[in-house]
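What follows draws every value from the coordinates through simple rules; no lab data is involved. This one's a predicted model, so the numbers in the text were calculated from it and none came from an experiment. Using ideal geometry, Cβ is built from the backbone for each residue, glycine included, and neighbour counts are taken over all protein chains shown.
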Amino acid sequence: MNGSGPLRIGGRDYRLPLFLPDGTMGVVRNLDSVDLRSVGTEAVVVNTYHLLSAPGTDVLKSAGGLKNMMRFEGLVVTDSGGWQCFSLIHRAGSHGRITDAGVVFSIGGGKNKLFTPEISVRAQFDIGTDVVVCLDDFTDPAAGERRLRESVDRTTLWARKCKQEYDRILSEREGSGAGRPLILAVIQGAFDREARKRSAAELIELGFDGYGYGGYVVENGRINLELSAYVADLIPRDKIGFALGIGRPWDIAALWEMGWEMFDCTLPTRDARHKRLYAFRDNPRTLSLEGLKNPESYEYLYLRKEQHSKDAEPISRYCDCPVCARYSRSYLFHLFSIGDGLALRLATLHNLRTYQLLIERLRELGTPGASGGTNA
């Protein structure tokens, strides 16, 4: 991991690290592609299971793929649907069942519908993704040894099926001129290092372009940094490391130093909708890596507080986003107070630009020396 050059996908180079905001249904809430470009967002993550439900792959294929439909020129990664298996079945306990064949959802219009690894991969090709992510069996953090072993076994089984379907589709498309999306598998194993080691070894033997850091990795409200470094070291240096769901700024900086290269999270867009805006305490362009890893380098503004009603300052004096360049905290407070949709758009733009400033600074600081090699 931490290759010396950019990540090349679909004829385009992307510098690492990359942060991917949540675009579950083919939209980063309250923004369009022009907005994303204005704050430097280069990549988004969307959800295969949800897009399969709406608008459906027939619509997406007729539109020439999701990127064409969104008019988005950046990188699109398709989350496979593994989280839905956990949240709708393992956690809720009453919306379906999981077998080695796949997932049977028993909710809404998809009642008793089987979602298999093969369906997941075909749907991701129909969406027109740049990065296919294998369906995985998400591990409950409270899982016992038997469930943990089952999760790792099934994740390997599904990854094998995904890879076979992926290779079959590529064979069918040979000579068509269509580019090859990358394919990533997800390492499971919860907090058990031996389970993580076995999961990584089995997936690496199957051969993928990269590997994701799957499952819950938070203990007592904090990322388990020792486990994060351990799993990073399991991944070959010439492969991509995707820290799925890792999204607090200081955690991104810490995991980048370990070798993780791609990150996604709902935090900046979700917090924006709840009037929680981000700011650096000091100029991010001068912060060291240690500074970026320090939670004290960041602060939050809650625009529900009356103290901001007459505040003429921008959200952050260190931010160059269109919002900070034009508007005051007072104006955003007003927009939130009257419930105008513009508040959501401006707050989301600012939060995403704050994350991109972090990413740009990490790139300026250079590739950490923990690993070497080239990207897939």
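Of ASP136, ASP22, the sequence from fewest to most neighbouring Cβ atoms within 10 angstrom is ASP22, ASP136.
The stretch 250-273 and the stretch 204-246 have Cα centres spaced 13 Å apart.
For the chain, the residue among GLY81, ILE183, TYR211 whose Cα projects farthest onto the positive side of the dipole built from Cβ charges is GLY81. MET69 label point, 7 Å along Cα→Cβ, cut-off 14 Å on backbone N: hits in the stretch 128-150? Taking a point 7 Å out along Cα→Cβ of MET69, the residues of the stretch 128-150 whose backbone N falls under 14 Å are 128-129. For the Cα trace of the chain, dividing Rg by the Kirkwood Rh returns an Rg/Rh value of 0.96. Under Stokes-Einstein, with the Kirkwood radius over Cα pairs as Rh, the value for the stretch 121-273 at 4 °C and 1.567 mPa s is 80 µm²/s.
Applying 0.36 nm per residue to the separation of ARG237 and GLU360 and subtracting their alpha-carbon distance, the gain on full extension is 42.0 nm. Exposed loop positions in the chain were taken to be GluC sites (Glu not before Pro) whose DSSP state is not H, G, I, E or B and which have at most 16 other beta-carbon atoms within 10 angstrom. Between these positions, the longest stretch is 175-376. Between THR155, THR354, THR286, the residue with the greatest mean-square fluctuation in the GNM of the chain (Cα pairs under 10 Å linked by springs) is THR286. Give the residues of the stretch 219-255 whose amide nitrogen is closer than 18 Å to a point set 7 Å from the Cα of ARG281 in the direction of its Cβ. Taking a point 7 Å out along Cα→Cβ of ARG281, the residues of the stretch 219-255 whose backbone N falls under 18 Å are 248-254. Helical content alone sets the calculated 222 nm signal of the chain at -12000 deg cm²/dmol, taking -39,500 (n - 2.57) per DSSP H segment of four or more residues and averaging over every residue.
Straight Cα distances below 26 angstrom link LYS61 to the lysines LYS111, LYS113, LYS161, LYS163, with same-chain residues fewer than 8 positions distant left out.
Please identify, among VAL34, VAL231, VAL323, the residue showing maximal mean-square fluctuation in a Gaussian network model of the chain using a 10 angstrom Cα cutoff. Top of the fluctuation ranking is VAL34.
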